[in-house]
1. What residues qualify as long-range amide H neighbours of residue 46, i.e. H under 5 Å apart, gap of 5 or more or another chain, H built at 1.01 Å from N?
2. Under a point spin-label approximation (7 Å from Cα along Cα-to-Cβ), what is the residue 47-residue 24 distance to one decimal in nm?
3. Given H placed 1.01 Å from N in the peptide plane, which residues other than close sequence neighbours of residue 87 have an amide H under 5 Å from its amide H?
4. List the trypsin sites (Lys or Arg not before Pro) within segment 24-91 that DSSP assigns to loop and that have no more than 15 neighbouring Cβ atoms inside 10 Å.
5. Could you give the length gained by full extension between residue 32 and residue 60, i.e. 0.36 nm per residue of separation minus their alpha carbon distance, to one decimal place?
Amino acid sequence: MSTIEKVQEEVLVAEAVGINNEIVLHNDDVNTFDHVIDTLIRVCKHDELQAEQCALLVHYKGKCTVKTGPIDQLKPQCSALLDAGLSAEII
C-alpha cells in the first residue's frame, strides 16, 4: 500500500512543477485602474472582482501574480498585456 501512495505523491509533484510559471504584473504611473481592470478581464479571463483586486494589489504592493500555468499558455497572454501598455513578465 505504501508503494501506491509514493507513486501518487510523485505524480502530484510532477504536475506542480509543470505549472510553476506566473505572469507578474508590475505597477506603473501611466495606466488607469479602469484600463488595468478591463485588460485583465479581456486577456486573463478574470471576473470583475478578481481584476479589481489584482489592480489594487499592484497599486499598493508594486506587483501581483495575475495568472499561473504552462509557459506556452502564458506567453501570448503576457504579450497581450504588454501590447496593452501594461508592465508584465513571466517568472
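Every number here is computed from the coordinates shown, using simple stated rules; none is lab data. Only a predicted model underlies this, so the values are computations on that prediction, with no experimental measurement involved. Cβ atoms come from the backbone with ideal geometry, glycine included; neighbour counts cover every protein chain shown.
1. Hits under the 5 Å cutoff: 41.
2. Output for this residue pair reads 2.8 nm.
3. 26
4. Within segment 24-91, the qualifying trypsin sites (Lys or Arg not before Pro) (loop, at most 15 other Cβ atoms within 10 Å) are 45.
5. That works out to 8.7 nm of additional length.
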